[in-house]
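Worksheet: one structure, shown below.
What follows draws every value from the coordinates through simple rules; no lab data is involved. What you see is a predicted model, and the numbers here were worked out from it, not measured in a lab. For neighbour counting, all protein chains shown are included, and Cβ atoms are generated from backbone atoms with ideal geometry for every residue, glycine included.
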Amino acid sequence: MPGIVFLARGHGYGHAARDLRIVRDLRQLCPDRDIMLASSGSGLEYFQSRDVACHDLGIADRHDLSEAAVRSIWGFLQTLHDPDLVIADEVVWALPFCRRYFDCPRVLLTDWLYADHGMPQHDPFLDSASEILVLDFAEAHPGPYATRAPIRFTGPVVSEFSGDRSTARKQLGLEADSRMAVVSAGGVADRPDARSIFRHTAEAWSTYANAADILFVLGVGYELPGMSSDIRIVPHTPSPEVYYQAADVVVTDATGFTCFEVAANGIPVVAMLTADTLRFSSLYRRRVSLLESARLAVTARLDATSDLMWEALASAMELPRQHNRPPAALSWTTAQDIAARLLASCSSPVTAEGTHRGGLPAGGDGSVGEQR
């Protein structure tokens, strides 16, 4: 049976995208160790589209917080025997089962804790993790958190895009003096928020952009109403980075993985504040404010008028393109660094209480012991 079990949440492509990078680096760092990957819904779809072996947990995205999802996850875990390490990217239901039945570390990967969403009473559920890696900026998470599990804030997992802007623009056949924008909501393109982001951006672009300017809409397999000739639909591309590199600005969901990835590569972002962003403003607004303070992003509300949307686009296009990647003003991490930390967990003793003996050092590296 596998030495390492990696459970990746579905619910969009963001978890799977970063988890695939981590898994690949795990395999490079420990080629002789078996790694079993399991996911569901859009996460499974992401792995399968890239020919990556993945066990199907049999959970639809819309049901991944249901009792049926818990039973499915526990049923899968019952088939395993003595793994060396269990990694759960937001598959929190795996933690209590693994704590009870497996004598191995259980690392939770996440970018939120319950207190971040106004539910601090649920943080003790995370005690079943022997370690929590929060893949986000520490400044976006003031706490305190009512879990005994050690918490480390690593920064978002990002990687540097290959190539350069000039080459990317030539590859896409762009004129030297034309402005180009990209809208990419990430994940499942037909979800309501994604459709609204695409439509809102297209309406503003059709109304205010010059005739020579081009908007690329990535990941959409349907027509946008009233779409003008300067808007180009790209239903699928294996290399979205080429479009991002060529762009003067990228419009994306403020809550998603793409927002971090593009900003970390110094490309101006318009971060769209959806209903979820505004509902959970205490977390998402802090996160986006950090990008704004570093002059990496401009925010726009999904319910704003087209003229305000265009103002956001124009403001973002005036931001300086940052050539220090990732920009040093914020703390970022790489998949290789996370993979190394996960492997270190395999050799770290676990106490009877279920956490690593001695916890993690507190201080300037973004880590904490039992509290923040």
Dimensions in Å of the range 91-248 - Rg and Dmax from alpha carbons: 21.5, 63
Placed amide H near Ile59: partners under 5 Å, 5+ positions off or other chain: Gly41
Inter-site label distance for Ala53 and Asn324 at 7 Å from Cα along Cβ, in nm: 4.4
Cut-off of 10 Å, at most 13 other beta carbons, DSSP loop: longest stretch of the chain lacking such GluC sites (Glu not before Pro): 1-159
Residue with peak Gaussian network fluctuation, the chain [Cα springs, cutoff 10 Å], from Gly219, Gly173, Gly43: Gly173
Amide H partners (placed H, <5 Å) of Phe216, local residues excluded: Ala181, Val182, Val183, Arg232
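Divide, for the range 1-64, the radius of gyration over alpha carbons by 2.2 N^0.38 Å, where N is the residue count.
Numbers: Rg = 11.4 Å, N = 64, 2.2 N^0.38 = 10.7 Å.
My calculation over the Cα atoms of the range 1-64 gives 1.07.
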Relative pair counts by distance (%), Cα atoms of the range 202-343, 10 Å bins: 11, 38, 36, 12, 2, 0
HN-Hα J in Hz across the range 140-157 - Karplus 6.51, -1.76, 1.60, θ = phi - 60°, x for Gly and Pro: 7, 10, x, x, x, 10, 8, 10, 8, 5, x, 10, 10, 9, 9, x, x, 7
Simple label model, 7 Å out from Cα along Cβ direction - Glu292 to Leu65, nm: 2.6
GNM result for the chain, Cα springs below 10 Å: residue of Ala328, Ala115, Ala316 fluctuating most strongly: Ala328
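Below 12 angstrom from the Cβ of Val183, what's the summed charge of the other residues (Lys, Arg +1; Asp, Glu -1)? Walk me through the numbers on the way to the answer.
Details: positive: Arg195, Arg199, Arg232; negative: Glu203, Asp253.
Charge balance near Val183 sits at +1.
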Length released on extending from Arg195 to Arg232, taking residue separation times 0.36 nm less the Cα-Cα span: 11.8 nm
Derived scalar couplings ³J(HN,Hα) [the range 62-68; Karplus, 6.51 cos²θ - 1.76 cosθ + 1.60; whole Hz; x for Gly, Pro]: 6, 10, 7, 10, 8, 4, 4
Amide hydrogen neighbours beyond the local backbone of Ala304, cut-off 5 Å, H modeled: none
Distant alpha-carbon pairs in the chain (separation over 30 angstrom), percent: 39
Gain in span if fully extended, His122 to Asp337, counting 0.36 nm per residue against the direct Cα distance: 74.5 nm
